[in-house]
Amino acid sequence: MSEQKHTAGAFDVRTIIGGLIGLYGLILLFLGVFHATDAELEKADGMNVNLWAGVIMTVFGIAFLAWARLRPVVVPDDPASTPDPTASADPTTSAGG
Amino acid sequence: MLHAADSTFRLDADFFDYTIIALYFVVVLGIGVLARRQVSSSIDFFLSGRSLPAWVTGLAFISANLGAVEIMGMSANGAQYGIATVHYFWIGAVPAMLFLGVVMMPFYYGSGVRSVPEFMRKRFGTGAHLVNALSFALAQLLIAGINLYLLATIVNRLLGWPLWVSLVVAAAIVLSYTALGGLSAAIYNEVLQFFVIVAALLPLTIVALHKVGGWQGITDRIQPGPEQLSSWPGTDLTGIDDPFWSVVGLVFGLGFVLSFGYWTTNFVEVQRAMASNSVSAARRAPIIGAFPKMFIPFIVIVPGIIAAIVVPELANLKAGSGDSGGATYNDAILLLMRDLLPNGMLGVAIAGLLASFMAGMAANISAFNTVFSYDLWQQYVVKDKEDGYYTAVGRVATVAATLIAIGTAVFASHYDNLMDYLQTLFGFFNAPLFATFILGMFWKRMTAAAGWSGLVAGTGAAVLVAILSEGALGPASIGVIGLSGQGASFVAAGAAFVVDIAVSVVVSTVTRPRVESELRGLVYSLTPKESLVDPDEQALPWFQSPTKLAGIGLVLVVVLNILFW
């Protein structure tokens, strides 16, 4: 088992959150700008829900992606940081069968 | 825009909504596949190598609980009872989460156990351990069934798929990602789910507030009157007419026994914090989770309150006149989505709901998996095999649990009121466990025999109260005591707690206590103070110190209680 460390990269949960919410934001932004029907606007008393939610989600997504990029998480490859007296922890055993 | 009321309302999802929902599931399953590449040993599989940052485990901590009950149940309560529903958060969950972080977590983390039953084995030996592991495994299967049933009914209501198709599809997706990636994927998904749920509910709340005319609009229009915007003494919520006893019921029944019992002994939640990388990070997880938890009522209860004002069917239902179109309070969020959200945002909202329903079930399944393979199989059936063997058993247990959950979902579908059923189950399983824990942790004299006999007697007492009440156990209740719904589950939990303590004390006085040296790290007075904290904890800045954070949380929740008095 190697002791080297690596950054979480695309596996960083912030990348996944930022990516998905940001993508949702772009879709909503598109719908809000090009696809807002009068009936939909009337539903919410004139508020363009898709447009506003889209703007906020896009900004949020970019912020999370930037956070993950600027402050990457370092993951140790060896997970056994705390010895467990009850487990016969054999790090070479592969669980992925 | 008013739709014609019909009993099976549908949300008109279009291409964009389905695209948004599909994107969500692609990401969720993608995380499972990615996570699988990192799975290397069983400790990794079950506890994610204890390498996750505290804010991740903190959010996962509340996300595991932000399931069907939270969203549908609390918005329904908000629509029906108004602001008093906040007690579930500000008297119930938040103080219990702070207590877990400050007092309980060092024991769990410091003793290096994988599960609450394992803690019971170290403290009380195999008798209490076996009773607890079996009842815990059973509880997880029953609760997973409730979550699965709710998930499937929502899918059925939203998309029109037959219930059994919805059940099987929902089960298959939950199974895929827990089995593919283990808890590592579950935690990642839970954190993602938290954000998707907020992205779904926050815009809905804002649009609803806009529609109703802001807080002033609520104050002016809430029915039957402005007393619904006052949280104490909450007589409507408890169903106890006397204000004094209503407050006692809230503080002791809901706040102390049910909530402390749920949050401190429910391994579904504790397991999330155990995935942290140090004891202070483990303690911070529930405390950090308590902060967003405090504000969840604003995006769950407030939309419920507004739904009862602006949705015609619900307004009619609450007024007791006019056509309610077959709607129930449980439909509050769905009806609000139907009336206010355009396509696109509707898809995000549906994805958020599906996410939250899956979160609950996945958490149940992964907790069952851990307890079954380590506490039952390894302890009592096949001992001393290599690590990979038990990981494989865990995978089989995951599949079996999902299949059984389809069965318990069908079972749950026979109950008229799932929320009462769920709370009654918490009374059976969590209240006695909490009593045994607290006593065993602070009273070194408590014996092994007291451990298991207290649990059995406490559970027995709760079951007895539920059977004697009106409808807490559905058709099995015989109605000798005039208590139903919420009141019955509070009393059942209280009875379990009191009987458990009484039996434990009596049995302890007539049996032999364990040698003190065996109880180090398991009993408060016998645990050296330095093993409960990180050596460098004093050097941590205030925003990383568990006790200081908990103090801030406590002040905030008191302020919130006063603001909405």
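A short reminder: the numbers here are calculations on the coordinates, not readings from a lab. Since the structure is predicted, the reported quantities are computational estimates derived from the model, not experimental observations. For neighbour counting, all protein chains shown are included, and Cβ atoms are generated from backbone atoms with ideal geometry for every residue, glycine included.
For the reader, a short list of remarks on this structure follows.
- Three semi-axes of the equivalent ellipsoid, region A:27-72, Cα gyration tensor, whole Å, largest first: 30, 9, 5
- Pairs beyond 23 Å (Cα-Cα), from B:293/B:548; B:293/B:318; B:122/B:385; B:293/B:444; B:383/B:444: B:293/B:318; B:293/B:444; B:383/B:444
- If you take the Cα centroid of region B:87-101 and the Cα centroid of region B:141-164, the two points sit 29 Å apart.
- Summing Lys and Arg as +1 and Asp and Glu as -1 over all other residues whose Cβ lies under 15 Å from the Cβ of residue B:196 gives a net charge of -2.
- Each peptide in B:421-432, B:164-175 receives the mean, over its residues, of other Cβ atoms within 10 Å, and ordering these scores from highest gives B:421-432, B:164-175.
- Number of partner chain Cβ atoms within 10 Å, mean per residue of A:50-60: 4
- Per residue of B:19-31, other chain Cβ atoms within 10 Å of the residue Cβ number 2 on average.
- Cβ-based net charge around residue B:347, under 14 Å, with every Lys or Arg adding one and every Asp or Glu removing one: -3
- Inter-chain Cβ neighbour count for B:334-347, averaged per residue, equals 5 (cutoff 10 Å, partner chain atoms only).
- For region A:27-72: relative contact order, % (alpha-carbon pairs under 8 angstrom, 6 or more apart): 42 percent
- Radius 12 Å from Cβ of residue B:356, net charge of other residues (Lys, Arg +1; Asp, Glu -1): -2
- Spatial separation of Cα centroids for region B:434-454 and region B:294-371, in angstrom: 41 Å
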